[in-house]
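Derivation of every value follows stated rules applied to the coordinates shown; laboratory data play no part. Model, not experiment: these values are computed from the prediction. Note that each Cβ is placed from the backbone with ideal geometry, even for glycine, and that neighbours are counted across all protein chains shown.
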């Protein structure tokens, strides 16, 4: 599946930032306006942050992004320069930010890798492996719910005391099951029996009403085989580095909320664990959001999850969290997309 330039550029389009930005601004204005205890004077609360925790927050942002950049360097065995890795991560995150979480930026990532000199087989393999390792982290943290870790969090959220309680738990466990099943299939397809999975896809799509998807199934099957051949024989140390950087990167991404909240209210060790648990639930909900970058969904449920602890600081910290984990990438995309286009299409420039 070699992505066509026009397909990738439909996602890598600066004009696509306006919908998520407008949605984000709209929901923030609504949350402020609908809060009876809020006044414009409350905006000054942002200055009450403990600067030490805010510095740690910025450090977590740096660790998160350097982790992504280093991981793609590890995956490609340093065939990508640091600059190429930077562009790929920034634009990959940008493409993910302007699409729903479930859609992601896989096609764009393959296109970016191809343009940076990585061949199709390796590009496919690296994007698939990145998805698998991210999913393994997600499965690990959500699986803690099997031991009742998140039960008290569900019970304490005000919105969950209504009829939504059962629905959100269903979303949580459905997302866990879907991601687990997909990851298991991809692991088997890549590392155990890629040709069998290609055969299975073709057999399934040979059924009458599924024949219309047989060509797509053939392409996906070929992609799996090509990716599998690319990854065969990698040393244990290679996978250990990939897994290690995945853990560090996602830990930093989750800790951003803890550090922002700690900048405004005192937290003990147990409080930090509870906030991490709430982050797991929030990311699970965001996973099924239909809006670009989970705009609206993220802001609404952040308030529901953290209002009891944060009180008057809830909306301020929510805005800071979204700026550092979402709008930051939209801004980077606006700055670096034209530069990258000029870099890889020097003869045609931005109009390519």
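Take every Cα pair under 8 Å in region 214-321 that's 6+ residues apart, average their separations, divide by the length, and report that relative contact order as a whole percent.
25 percent
Roughly what would the spin-label model give for residue 271 and residue 151, points 7 Å off Cα along C-beta, in nm?
Going from the residue 271 label point to the residue 151 one covers 2.6 nm.
Using only Cα atoms, tell me the angle between helix 297-310 and the longest principal axis of the chain; keep it within 0 to 90° and round to the nearest 10.
40 degrees
Between residue 243 and residue 202, with labels modelled 7 Å along Cα→Cβ, what's the label distance in nm to one decimal, could you check?
It is 3.4 nm.
Quick check: the angle from helix 106-115's long axis to the longest principal axis of the chain, C-alpha only, nearest 10 degrees?
60 degrees
Using the beta-carbon distance between residue 44 and residue 174 and R0 = 35 Å, what value does 1/(1 + (r/R0)^6) give for FRET efficiency, to the nearest 0.05?
Given R0 = 35 Å and the Cβ-Cβ separation, E is 0.25.
Measuring from centroid to centroid over Cα atoms, what is the spacing of region 211-284 and region 50-127 in Å?
12 Å
Can you tell me how region 208-352 classifies by the Cα gyration tensor, rounded, prolate or oblate, using a/c under 1.5 as the rounded cut?
Since a/c reaches 1.5 and a/b is larger than b/c, the shape of region 208-352 is classed as prolate.
Using Cβ contacts closer than 10 Å as the measure, can you line up 315, 259, 83 from fewest to most?
The fewest-first ordering by Cβ neighbours comes to 83, 315, 259.
Give the angle, between 0 and 90 degrees and rounded to the nearest 10, that separates the Cα long axis of helix 164-191 from the longest principal axis of the Cα atoms of the chain.
Tilt relative to the chain: about 30 degrees.
Please state the equivalent ellipsoid semi-axes for region 288-342: what are the square roots of 5 times the Cα gyration tensor eigenvalues, largest first, in whole Å?
In descending order the semi-axes read 29, 13, 5 Å.
With the contact rule set at Cα under 8 Å and sequence spacing of 6 or more, what percent relative contact order holds for region 57-143?
Here the relative contact order equals 20 percent.
Of the listed values (i) 19.7; (ii) 21.1; (iii) 18.4, grab the one calculated as mean projected area of the Cα convex hull in nm² from the structure here.
(i)
Return 241, 303, 211 ranked ascending by Cβ neighbour count within 10 Å, so the fewest neighbours appear first.
Fewest to most other Cβ atoms nearby, the residues stand as 211, 241, 303.
Calculate for the chain the 222 nm mean residue ellipticity that helices alone would give, adding -39,500 (n - 2.57) per DSSP H run of length 4 or more and normalising by residue count, nearest 500 deg cm²/dmol.
Value at 222 nm, helices only: -23500 deg cm²/dmol.
Starting with the fewest neighbours, write out 339, 73 ranked by other beta-carbon atoms found within 10 Å of each beta-carbon.
The fewest-first ordering by Cβ neighbours comes to 339, 73.
Once you put a point 7 Å from the Cα of residue 195 and another 7 Å from the Cα of residue 336, both along the Cβ direction, what distance in nm separates them?
Simple spin-label model gives 4.1 nm for this pair.
Estimate the FRET efficiency between residue 229 and residue 323 by the formula 1/(1 + (r/R0)^6), using the beta-carbon distance for r and 56 Å for R0, to the nearest 0.05.
0.85
At a threshold of 8 angstrom on Cα-Cα distance, excluding pairs fewer than six apart, so keeping six or more, what relative contact order does the chain reach in percent?
32 percent
Which order, highest average first, do 267-274, 172-179 follow once you tally other Cβ atoms within 10 Å for each residue and take the mean per peptide?
Going from most to least packed, we get 172-179, 267-274.
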